[in-house]
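This report refers to the structure that appears directly beneath it.
Each value in this text was obtained by applying a stated rule to the coordinates, not by laboratory testing. All values reported here derive from a predicted model rather than from experimental measurement. Note: ideal-geometry Cβ built from the backbone for every residue, glycine included; neighbour counts use all protein chains shown.
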Amino acid sequence: MRSVAVFCGSRLGARPIFRQAAEAFGHAVARRGLTLVYGGGNVGLMGALADAALAGGGEVVGVIPRFLMDREVGHAGVSRLVLVDSMHERKARMAELADAFVALPGGLGTLEELFEVWTWSLLGLHAKPCGLLEVGDYFAPLVEFLDSSVREAFVSPQHRAILSRAGDPEELLDLLAAPPPPPPAKWHEPGAADLERS
Ligand code: AMP
């Protein structure tokens, strides 16, 4: 693992621990000599994360759509700022540049980005690990829901297992760097109706 893409809030959130965790994660990424790939903004947790990685001497690549340069305040101090034309292009470039994906606390954008790259791995489009950095139990209701979706047989245990979760940046990076389990054979298990039709 040489690079990690991080999705996180364009806001700081209600509690100071969110900013502290983003900074701790940025430092940990830099300490390991990993390239940080992120959304390129200088606002909210995105800015705190990038600043911490840069302060730790890390390489930081921001990927930002031109139309968001003002709203998310394109970070002028990153090692490389990649300007793209759309949100879709941003996600695709971030996915190409990264060997693993992490979500820190964030809003709808963060969740959308995480779920899209996670579903790409379900479809066999990549085999890169995904993880959640837990901070103050922010993700606990989401994890509870995901586990219930496995119990309800809408998500396979193998696909669920692709998403790790840890509260400590070093522990999460260790989990992501560990050799991945063999990929699930197929993303769709045929149900009885499918078998009858075939
Ligand atoms: P948020 O978690 O809503 O604060 O957003 C975090 C980041 O996700 C910001 O950089 C947003 O621009 C980005 N974002 C929001 N919606 C999308 C989307 N549909 N696809 C990709 N990125 C998005």
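Within region 1-36, the set of residues being closer than 22 Å to residue 87 by Cβ, small (Gly, Ala, Ser) and in contact with a strand residue (DSSP E or B) (Cβ under 7 Å, 6 or more places away or on another chain) comprises 3, 5, 10. How many residues does region 44-64 hold that are closer than 18 Å to residue 135 by Cβ and within 15 Å of the ligand (Cβ to nearest atom)? Looking only at that region, the number is 7. Of all residues in region 14-35, which are within 14 Å of the ligand (Cβ to nearest atom), under 16 Å from the mean Cα position of the chain (by Cα) and not in a helix (DSSP H, G or I)? Correct list: empty. With respect to the stated conditions, residue 68 fails to be near the ligand (Cβ under 10 Å from one of its atoms), touching a residue at least 12 places away in the same chain (Cβ under 8 Å) and in contact with a Leu (Cβ under 8 Å, 6 or more places away or on another chain). If only residues of region 92-138 that are hydrophobic (A, V, I, L, M, F, W, C) and assigned to a loop (DSSP other than H, G, I, E, B) are counted, the one that is farthest from residue 62 (Cα to Cα) is 123. Take the conditions (1) over 22 Å from residue 107 (Cα atoms); (2) crowded, with 22+ Cβ neighbours inside 10 Å; residue 50 misses just one of them, which is (1).
Close Cβ contacts (under 6 Å, 6 or more residues apart or on different chains) running from residues in region 102-121 that are near the ligand (Cβ under 10 Å from one of its atoms) to residues that are assigned to a loop (DSSP other than H, G, I, E, B) and of a type in the set (Val, Ile, Thr) comprise 105/135.
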